[in-house]
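Below is one structure, written out as structure tokens; comments come after it.
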């Protein structure tokens, strides 16, 4: 299950195919920005007028190429691949690795959708709760060793809920660590807008509160709840 684009073709996982084009582009860019270094981030403004994910990169490249000479600083560095890296300094962000961004734009860029979502959730929860002890173990995020958040890139339909198999796969891990709570967070969609407390088919986890939570993909930070 991949998410991204290559050579003028978008690669969209089934879970995001119901989104309109603007929401789809922003869903990708927000997750992408949470998983790359600052010099690789694409400001979200470039996705607002784009008609495709790739066009968001195109808009950014066209804009940065118009930067005035006095605002561009070229820095030569050598990495392990012996490539010369050009870092552009503009008023929007302090620096960009334009060489690598151009490679993405020309050759394509896609991620495993599950890994992308999991890393996004970890990044957001870490930024929302800087004083908490947060650990990532694969797709599981553990907070203060007391409760777990499982980032699961799965389309949830509350009218046809199919989550038993996923819970059974994680039940041993949760029981072994004696977590007080388990939040299973999945991308929010039109048929999944409110959390669901799961009480059935959890014989091995009868001491653990389990909630299925719709997770909104957004760059906003909300501190009222560690799972938002």
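Table for the structure above
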{"item": "Fraction of the pair-distance distribution of segment 113-215 above 18 Å, Cα-Cα pairs, percent", "result": "45"}
{"item": "Linear extension gain, residue 190 paired with residue 103, 0.36 nm per residue minus alpha-carbon span", "result": "27.8 nm"}
{"item": "Segment 94-142: radius of gyration and largest Cα-Cα distance (Dmax), Å", "result": "14.7, 41"}
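Every read-out reported here was derived from the displayed coordinates using simple, explicitly stated rules and does not represent laboratory data. All of these numbers come straight from a predicted model, not from anything done at the bench.
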